[in-house]
Amino acid sequence: MVCVPGWAPIRPPALRDGSTVLFRIRERAVVVDSQDGSGERPFERMFYPVDRVPFVEWREFSGAKPTVALVAAVTVLAFVTGLSNLSQPQLVVDGPLGTVVPGARVFVRFAGVLFAFPLALVTFGLSRRRRVAWIAAFGLVPLLSVFPFLTGRPTEIPLFFLVVVTVPMLVTNRREFDTALALSSLQIASLTSILGVVLYGTVGSYGLREQFIELDGWGDAFYYVIVTIATVGYGDITPRTTEAELFSLSVILLGTGAFTVAVGALVGPAIESRMASAFGTMTASELALLEDHVVVLGYGDVTESFLDHIDADTDLVVVTTDTDAAARLSDAGIEVLTDDPTDEAALADVRLNAARGVAVASDDDATNVLAVLAARNVNPGVRIVAVANGDTHVEKLDTVGADEVIDLRSIGGRLLGATVLDADSDRDGAAPTLDSVLGSGGADADADTASTVDPEDGTPTVDPDGNEA
């Protein structure tokens, strides 16, 4: 036994089962350097730790969320650059590729703004982890890097460097954007009808170009269809025969009808998501952003205390069927999914495969067992800590895959024994308090230390910092 000079050994009574007891001890400590079952000395483990704590969590700066933020920044900068080019009365194209690329002047003048609008939609899709959005971003973002090589202007350089940073991030996190674009049959039909009307109008107006005024080519035909469907009607291209007028009327009826149905089919789910959010349910976009978070399955008496004491910087989401509790938690700023915590589909929705850990803490042990099974099926490698409300269910939770099981009744009994049945410490004037047993000190927390009972001879092993020796 190694004793620190100036400290004297203290021997509080050990519990019968040799379990750990915490005591409030001041200015005295003993460190026992006895080997455990793994062959590693506790003294060495304390002063020469093997585990390394990373100084910087690089995933916080190189994961999916920073990638989405970079694409959003590219979108904004492309829009600003495009507006700057549009405002130039005489746009000069003096870059090394300005004389090589055909139509470089037109591309530079309009491409920035025209790219920004689809990139805004792509950013929204990336926030929901859509694979099609990643493909679109990987195709559009690199094209913006040619701007400084076409114009030769230094104002295009920030956009170039931002693209250079964004493209490797897209490649690195390509597996994070793996959600398929799930469109309903109505949405697919409405989008297909719009494309069909545009194709019908373009081909038809080009075939009837002799019966229109100022319609000479495919570009004019496409332009005419778009302004007709949008009911703008500039009047520059007009039909001059009855046949052309009937054709134009059919384009108006079919185009406006298809556009109206498409808007309802695409906007309707967004409205439903907002309504769901009002009732304490996370939206699909919010669920897609979850990463390296903690998933709490079930809601019970212990959940409130857990949420109060967990680190505020920890991202977490609670899955419960209790709508009243979900509304309260949502009002408190806690992410909630109102769904069955034993349903694997619900666990997939909260991205349990990307979670840091799982806490199973409902008041019903049967629900806890099923929740542990579902969580283990969704992510076999995630750490699961479960609460057992009854002693008889501890082994069941451990059997189905929980890494740690917290027996509430057993812990309560041991705490009661540690605080009441301690005559020796009472005589020494160092009786343990409930705060010291729970590991939370008050104003004297800095002077507190922790004591661990050696199961072989009952000798307490403590260190000045309150860590197990």
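Evaluating THR238 against the criteria (1) in contact with a strand residue (DSSP E or B) (Cβ under 7 Å, 6 or more places away or on another chain); (2) under 30 Å from GLY125 (Cβ atoms) leaves one unmet condition, (2). Look at (1) modelled with pLDDT of 85 or more; (2) surrounded by 21 or more Cβ atoms within 10 Å (Cβ to Cβ); (3) of a type outside the set (S, T, N, Q) and you find that ALA348 fails only one, number (2). The sole residue among LEU97, LEU91, LEU83 that is touching a Gly at 6+ places or on another chain (Cβ under 8 Å), more than 18 Å from MET169 (Cα to Cα) and modelled with pLDDT under 90 is LEU83. Can you tell me which residue is surrounded by the most Cβ atoms within 10 Å (Cβ to Cβ) among those in the range 85-105 that are assigned to a helix (DSSP H, G or I) and within 40 Å of the chain's Cα centre (by Cα)? Only one residue tops the list, namely ASN85.
Taking the criterion of being closer than 20 Å to ARG128 by Cβ, part of a loop (DSSP other than H, G, I, E, B) and either basic (Lys, Arg) or over 14 Å from the mean Cα position of the chain (by Cα) (or both), the residues of the range 324-367 that qualify are ASP339, ARG351. Picking from residues in the range 191-238 that are assigned to a helix (DSSP H, G or I) and small (Gly, Ala, Ser), the one that is surrounded by the most Cβ atoms within 10 Å (Cβ to Cβ) is SER205.
Within the range 333-365, the set of residues being out of contact with any helix residue (DSSP H, G or I) (no Cβ under 6 Å at 6 or more places or on another chain) and free of Cβ contacts under 8 Å to residues at least 24 places away in the same chain comprises GLY333, ALA345. Within the range 127-154, if we keep just the residues that are surrounded by fewer than 21 Cβ atoms within 10 Å (Cβ to Cβ) and among the aliphatic types (A, V, I, L, M), the residue that is nearest to PRO102 (Cα to Cα) turns out to be VAL146.
Residues in the range 159-212 that are in contact with a strand residue (DSSP E or B) (Cβ under 7 Å, 6 or more places away or on another chain) and aliphatic (A, V, I, L, M): LEU181 only.
Taking the range 111-190 as the region of interest, the helices (runs of 4 or more DSSP H) fully inside it that hold 3 or more residues being farther than 18 Å from THR67 by Cβ, in the same structural domain as ALA78 (by TED's automatic domain parsing) and in contact (Cβ under 8 Å) with a residue 24 or more places away in the chain are 147-151. When each of ASP311, ASP364 is tested for being under 20 Å from GLY401 (Cα atoms), out of contact with any strand residue (DSSP E or B) (no Cβ under 7 Å at 6 or more places or on another chain), among the charged types (D, E, K, R) and surrounded by fewer than 19 Cβ atoms within 10 Å (Cβ to Cβ), the lone residue that passes is ASP364.
The values are calculated or read from the model by the stated rules, or taken from the named source; none is laboratory data. Just so it is clear, the structure is predicted and the values come from calculations on it, not from any experiment. Glycine gets a Cβ as well: all are built from the backbone with ideal geometry, and neighbour counts include every protein chain shown.
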